[in-house]
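Engineer: Supplied in structure tokens, the structure appears directly below.
The values are calculated or read from the model by the stated rules, or taken from the named source; none is laboratory data. Note that the coordinates shown come from a computational prediction; the quantities given were computed from them, not determined experimentally. FYI the Cβ positions are ideal-geometry reconstructions off the backbone, even for glycines, and counts take in every protein chain you see. In case anyone asks, the SASA skips ligands and DNA or RNA and just uses the protein heavy atoms, side chains included. Shrake-Rupley method; radii C 1.70, N 1.55, O 1.52, S 1.80 Å.
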Amino acid sequence: MGFMQNSDARLCRKGCCRHNCKLHTYDWLSDIPEAEQGADFVEVQFKNTRKGYYINESKIPLEKGDIVAVEAVPGHDIGTVSLTGKLVYLQMRKNSIRHDNGDVKRIYRIARPSDLDKYAEVKAREHETMIRSRQLAADLRLAMKIGDVEYQGDGNKAIFYYIADERVDFRQLIKVLADTFRVRVEMKQIGSRQEAGRIGGIGPCGRELCCSSWMTEFVSVATDAARFQDIAMNPQKLAGQCAKLKCCYNYEVDAYVEAQKQMPSHKIQLETEEHTYYHFKTDLFKKEITYSTDKVMAINSVTISPARAFEVIAMNRKGLKPKLLEAGATPETHAQQEEDAQDVPDDSMSRFDAAGKKKRKHLEKSKPQRASGKNRQEKAPGETASGHRPHPVNPPSAKSNRATHANPKH
């Protein structure tokens, strides 16, 4: 496969197109000459996720990345060729588009410089149009959000993409938009997942959002998918940037469902001679099950394997109760484990308070001593507070020295 010389479309190989990785279809028939010549239809991609299939009646030699002018109602539109050859028919069948009806549109020509200049001019007005249209919708008090605007290549038509939770009567809005921007208006509703994919972002996994990188079809996500995977029912963590349940919960839910089939039911209680154990948690990766004597808290918790759990369940159905829940354990070892657990100090936040109080008392006592020592170092021996040294007549004794410091003579 040879390299394509088209820098505007950023092509790497004949079968691969980098125009949009999300909507890219690898042409695995590109090496077969008969596959390239045996198709009259071409797949053309526009802004966002919009694609169209057009017939090439004039037999224009087209390759991936070519910018073409195609038929539109009214006028013409500008798009990029994203797929050619017989693989286009498979894509049309996948999208339930028939090529034998009379509504098929044509490819006019490869875009001229004048077409590209007009296309760049109308594209520069899209953001300003979106901001203005939001203000008009707010003035009409419509419960909707206009998320994007797409102008047709010749500027005669504009598509307004909006999000709304309920049905919205926007007939008056269409009239206002048509009078304001002097274009033919088309309204398209998109979901919150499509909006998040259009905006893009980084997910909690640290990678680009799936809806903006490769997902094109969105499947509803149920809360059961999170329950099967033992994910905490925290709405802030369950929801993605679209405020819906994360799509990635559906990726591994089938593996979790199959793994749960090899585990006993959570509702089954295990009976022993001493206690009744309830299911507390299951670790599917380690294939371990933890049981507790309390239905809510982990009290006298015991972790066993699924095989041991099924063994105890079979014994309970026969009317038998094992001495202990663990396999191969004896009452002596169980008592020793409880005694060792009692020897471990409690994880109390105040268990170091006694030592901390002693340390603080020691520091408080040492503060005046350090302060007095510092004052003694700053003052010279026998110096008064005024900075003068006393002049005794006779050599002072120990008692007279103390009296001199108390009543200095100048």
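Engineer: Please work out which residue is nearest to residue 190 (Cα to Cα), limiting yourself to segment 49-93 and to residues that are open to solvent by 40 Å² or more (accessible area, probe 1.4 Å) and hydrophobic (A, V, I, L, M, F, W, C).
Structural biologist: Once the filter is applied, the top-ranked residue is 73.
Engineer: Which of the residues belonging to segment 122-145 are part of a helix (DSSP H, G or I) and either open to solvent by 80 Å² or more (accessible area, probe 1.4 Å) or among the hydroxyl-bearing types (Ser, Thr, Tyr) (or both)?
Structural biologist: 127, 128, 129, 132, 133, 134, 135, 139
Engineer: Right, next: Residue 319 is checked against (1) modelled with pLDDT of 90 or more; (2) under 30 Å from residue 229 (Cβ atoms) and fails just one. What number does that condition carry?
Structural biologist: All conditions pass for residue 319, except number (2).
Engineer: Also, I was wondering about something else. Which count do you get for residues in segment 148-186 that are surrounded by 16 or more Cβ atoms within 10 Å (Cβ to Cβ), of a type outside the set (Ser, Thr, Tyr) and closer than 30 Å to residue 113 by Cα?
Structural biologist: Here the count works out to 17.
Engineer: Take segment 146-166 and flag every residue that is in a loop (DSSP other than H, G, I, E, B) and in contact (Cβ under 8 Å) with a residue 24 or more places away in the chain.
Structural biologist: Those that are in a loop (DSSP other than H, G, I, E, B) and in contact (Cβ under 8 Å) with a residue 24 or more places away in the chain: 152, 153, 154, 155, 156, 164.
Engineer: If the Cβ limit is 9 Å and pairs must be 6+ apart or interchain, which residue in segment 98-113 that is under 14 Å from residue 41 (Cα atoms) pairs with which residue that is open to solvent by 100 Å² or more (accessible area, probe 1.4 Å)?
Structural biologist: Pairs that qualify, where the first residue is under 14 Å from residue 41 (Cα atoms) and the partner is open to solvent by 100 Å² or more (accessible area, probe 1.4 Å), are 104/98; 106/57; 107/57.
Engineer: Continuing with this model, one more query. So, in segment 187-207, of the ones that are part of a helix (DSSP H, G or I) and small (Gly, Ala, Ser), which residue ends up surrounded by the most Cβ atoms within 10 Å (Cβ to Cβ)?
Structural biologist: In this case the residue turns out to be 197.
Engineer: Moving on to the next point. Could you give me the residue pairs with C-beta distances under 6 Å whose first residue belongs to segment 249-271 and is among the hydrophobic types (A, V, I, L, M, F, W, C), whose second residue is in a loop (DSSP other than H, G, I, E, B) and surrounded by 12 or more Cβ atoms within 10 Å (Cβ to Cβ) wherever it lies, and which are 6+ apart or on separate chains?
Structural biologist: 259/284
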